[in-house]
Every structure is written in structure tokens, then in C-alpha cells.
Amino acid sequence: MPAWIWLVAALGLAGAEALTGDMFLLMLSGGALAAAGASFVFDWPIWADGAVFLVVSVLLLVLVRPALRRRMESGGGLLDPAKALEGKGALVLAQVSRHDGQVKLDGEVWTARPLNDDDVFETGDQVTVVHIDGATAVVSKIV
């Protein structure tokens, strides 16, 4: 079988993998790519190219796929952007009280309210973001 047919098969399998995300078709694509290389370099009969495809695909499925899936599933991923702001310091721009206030947080102006309803922070105070509640930063005094 000509090498270009194996290349088309490899690209087709890799493209189909983009739809599934299971890493199964990607391993078969690697086998087809190896068969394309073997077909290009050696003048073997078609059954030998098929054997290369089979052996490489099985090896990739058994050895590479489990490790790759473990690595992909073990990652915690990226933090929620709001979670990433928790614990950061902020500068009070307008008095922060129970019902209103503004802070400068990470270069942006945020609506803010204190963690404890009785607290009031004046303009210029440094506060810490406890958590983000919708579009409002809930802040407390830096200790």
C-alpha cells in the first residue's frame, strides 16, 4: 500500500480524535504514521505494513495511552478566575461599608463590601479579598 494512503489514514484518525478526546484514535493514528514511514522506507508487501500498523498501535495503546490519560486527568486544571483573586491585597478607592464601596484589585476596579457588616474601610486602606461574590469583592482588613 502506498505511503500516502497510510498518511491520509493517520490524518483522518487524528482528526476524528479531536471529536472524541479519548486518546484511542490518536494511538491508531500513530500506528498509521509508523506504517506510512515503513511503507516509504522499505519496499515491503502490504501485510508487512499492516503488521507495523498493528504492532505500533497496540504498543501505543498499552504503554502510552494509560500514562497520557492519567496525566490529563490528574491535573487540577486552571483555577476559576474568581478563586485566583482570593487572598490578594486590594486598595480601597471609595469607602467600603455594608452597602457600597470600591477597591482596586489586580489593576481593576471592583465593587466591594466588608466581610463583617459592621466594618468600614476608608479610602487608601489596604484590604485582603476573602472571596468573590458575583461581581463584588468581599474584603477584610489585612492583619
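The values are calculated or read from the model by the stated rules, or taken from the named source; none is laboratory data. If you're wondering where the values come from, they're calculated on a predicted model, not measured in any experiment. Using ideal geometry, Cβ is built from the backbone for each residue, glycine included, and neighbour counts are taken over all protein chains shown. To get the accessible areas, we keep the full protein, side chains included, count just its heavy atoms, and leave off ligands, DNA and RNA. Shrake-Rupley method; radii C 1.70, N 1.55, O 1.52, S 1.80 Å.
Over all other residues within a Cβ to Cβ distance under 11 Å of Gly101, the charged ones net out to -2, with Lys and Arg as +1 and Asp and Glu as -1.
Note on the range 3-74: percent of Cα-Cα distances in each 5 Å bin, starting at 0 and stopping at the bin with the largest distance, equals 4, 20, 24, 22, 16, 9, 4, 1, 0.
Scan around Ala137 for amide H atoms under 5 Å from its own, H built in the peptide plane at 1.01 Å from N, and keep only partners 5 or more places away or cross-chain. Placed amide hydrogens put Thr111, Ala112, Arg113 under 5 Å from Ala137.
Our coupling estimate for the range 58-64, obtained by passing each phi through the Karplus curve with A = 6.51, B = -1.76, C = 1.60 and θ = phi - 60°, is 5, 4, 5, 5, 7, 9, 8 Hz, Gly and Pro reported as x.
The calculated FRET efficiency for the pair Val62 and Phe40, based on their C-beta separation and a Förster distance of 30 Å, comes to about 0.75. Value of Rg to Rh for the chain, rounded to two decimals, is 1.47; Kirkwood radius and Rg both from alpha-carbon coordinates. A Förster distance of 35 Å, applied to the separation of the beta-carbon atoms of Leu93 and Asp118, puts the FRET efficiency at 0.95. Fully extending the segment from Glu86 to Ile5, taken as 0.36 nm per residue of separation minus the present Cα-Cα distance, adds 23.8 nm.
Taking 0.36 nm per residue of separation and subtracting the Cα-Cα distance, full extension of the segment from Lys104 to Ala135 would add 9.8 nm. Think of a 1.4 Å ball rolled over the protein heavy atoms: the range 81-141 then has 56 Å² of accessible area per residue. By how many degrees, 0 to 90 and rounded to 10, does the Cα axis of helix 24-41 deviate from the longest principal axis of the chain? The two axes meet at around 40 degrees. Report D for the range 81-141 in µm² per second (integer): Stokes-Einstein, Kirkwood Rh on Cα pairs, 10 °C, 1.306 mPa s. Rounded to a whole number, D works out at 148 µm²/s.
Look at the dipole of the range 3-74 built from charges on Cβ: of Val64, Ser74, Trp44, the Cα furthest out on the positive end belongs to Ser74.
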